[in-house]
1. Where the second residue is surrounded by fewer than 13 Cβ atoms within 10 Å (Cβ to Cβ) and the first is of a type in the set (A, V, I, L, M, F, W, C) and lies in region 137-151, which pairs have Cβ atoms under 9 Å and are six or more apart or on separate chains?
2. What pairs come out if I take residues in region 28-48 that are on the phi > 0 side of the Ramachandran plot and pair them with residues that are of a type outside the set (Phe, Trp, Tyr) whose C-beta lies under 9 Å away, six or more apart or interchain?
3. Which condition from (1) part of a strand (DSSP E or B); (2) over 21 Å from LYS74 (Cα atoms) is the one that ILE119 breaks?
4. Name the single residue, out of those in region 178-202 being modelled with pLDDT under 75 and part of a helix (DSSP H, G or I), that is nearest to SER143 (Cα to Cα).
5. Quick check, is SER130 surrounded by fewer than 18 Cβ atoms within 10 Å (Cβ to Cβ) and free of Cβ contacts under 8 Å to residues at least 40 places away in the same chain?
6. Taking region 46-66, which residues are more than 13 Å from the chain's Cα centre (by Cα), under 23 Å from LYS106 (Cβ atoms) and surrounded by 21 or more Cβ atoms within 10 Å (Cβ to Cβ)?
7. Applying the selection to region 156-177, what residues are part of a loop (DSSP other than H, G, I, E, B) and polar (S, T, N, Q)?
8. Working carefully through the options SER70, SER56, find the one that is touching a residue at least 12 places away in the same chain (Cβ under 8 Å) and not aliphatic (A, V, I, L, M).
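The values are calculated or read from the model by the stated rules, or taken from the named source; none is laboratory data. All of these numbers come straight from a predicted model, not from anything done at the bench. Reconstructed Cβ throughout: ideal geometry from the backbone, glycine too, with neighbour counts over all protein chains shown.
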Amino acid sequence: MSDVRGVDYFMPARPPPIQLEDFFRSGVLNFRTVTIQRQRDFEELFNNFDKMLAVSYVASPDLLLEYLQSKRCKTIELVAGNSDQSLGNVRKEFKQYLKEKIDVIKKLMEYEGNGTLKIYVPSDSRIIHSKLYILLNSSSNSSARVIVGSPNLTQTARKSQENYVDCWDLEPNSPLLARYEEDYEKIRSDCILFLEDLRELCDGKGKDDEQDAIGRWLSSDMEENLIREEREVGNLIQATMEASFRNKSEPVLEVLLDSAPHNLRKKDHEDARRGY
């Protein structure tokens with residue numbers, strides 16, 4: 001294909017167009033729009049399915065546990081991502097939420113260990129702002145439900161927000177369901193399991209050692225941030241000193257530490273003026 005100047009260029013490949021008539025003739029049981037205004041509206045949409053594939057900008061770990069412990073869902077697979085530096089900040093926000101909830105962490109680890117729960121976060125710089133829920137049943141003959149709209153998988157969205165969604169009830173062999181599942185897999189690609197590193201830390205440890213490993217895991221992002229900040233300050237000091245030595249008219253950088261003895265400060269100041 002050529003543009004108005006006659007320059008050749010290539011258009012990216014696009015998925016084949018969807019023929020809506022085909023979807024409504026094959027596999028669509030019902031379609032409706034729903035305004036979620038109360039908790040019961042939220043529950044009505046999500047109840048009566050035992051498997052959930054979810055994409056949510058943010059999520060409440062205790063809501064995940066509630067769904068699993070109450071047997072509303074037998075398995076949950078969640079992709080969560082809500083930051084401009086996805087892996088670091090998503091992990092940090094989850095960890096901050098879980099800091100005082102060691103029992104919740106242990107239950108999440110237990111469910112992830114037996115395959116009941118999988119929480120994925122981006123491994124790159126993507127911002128995943130989508131909200132997509134694919135609800136399935138173990139029986140191959142049972143219908144599925146796809147919810148696309150504004151609610152996150154959080155207690156706030158469940159109890160106190162107003163959200164709007166499109167809701168499709170679909171047969172298991174529906175082409176539309178297959179398309180949504182394909183889209184979910186694309187979103188999940190290049191994501192990593194959130195708790196995998198913690199389970200490796202705790203593997204084979206006793207109760208006390210496991211508690212210590214969880215504490216180290218919760219504080220690891222804070223330590224990484226401190227190391228990063230120290231490195232940035234060091235690089236700034238080095239760059240400023242190099243610039244000062246290149247331009248003798250500029251004063252040599254002087255760093256005074258509050259804990260340094262007065263006579264040591266004075267000596268460092270004199271050495272700096274002499275160019276040592």
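1. That search, which allows pairs on different chains as well, returns VAL146/ASP166; ILE147/ASP166; VAL148/ASP166.
2. From region 28-48, the pairs are ASN48/ARG72; ASN48/LEU135; ASN48/ASN137; ASN48/ARG145.
3. With respect to (1) part of a strand (DSSP E or B); (2) over 21 Å from LYS74 (Cα atoms), ILE119 is out only on (2).
4. Per the criteria, the residue is GLU196.
5. So SER130 does not fit the description; no.
6. If the condition is that a residue be more than 13 Å from the chain's Cα centre (by Cα), under 23 Å from LYS106 (Cβ atoms) and surrounded by 21 or more Cβ atoms within 10 Å (Cβ to Cβ), then MET52, LEU64 are the ones that fit.
7. Hits for region 156-177 are SER160, GLN161, ASN173, SER174.
8. SER56
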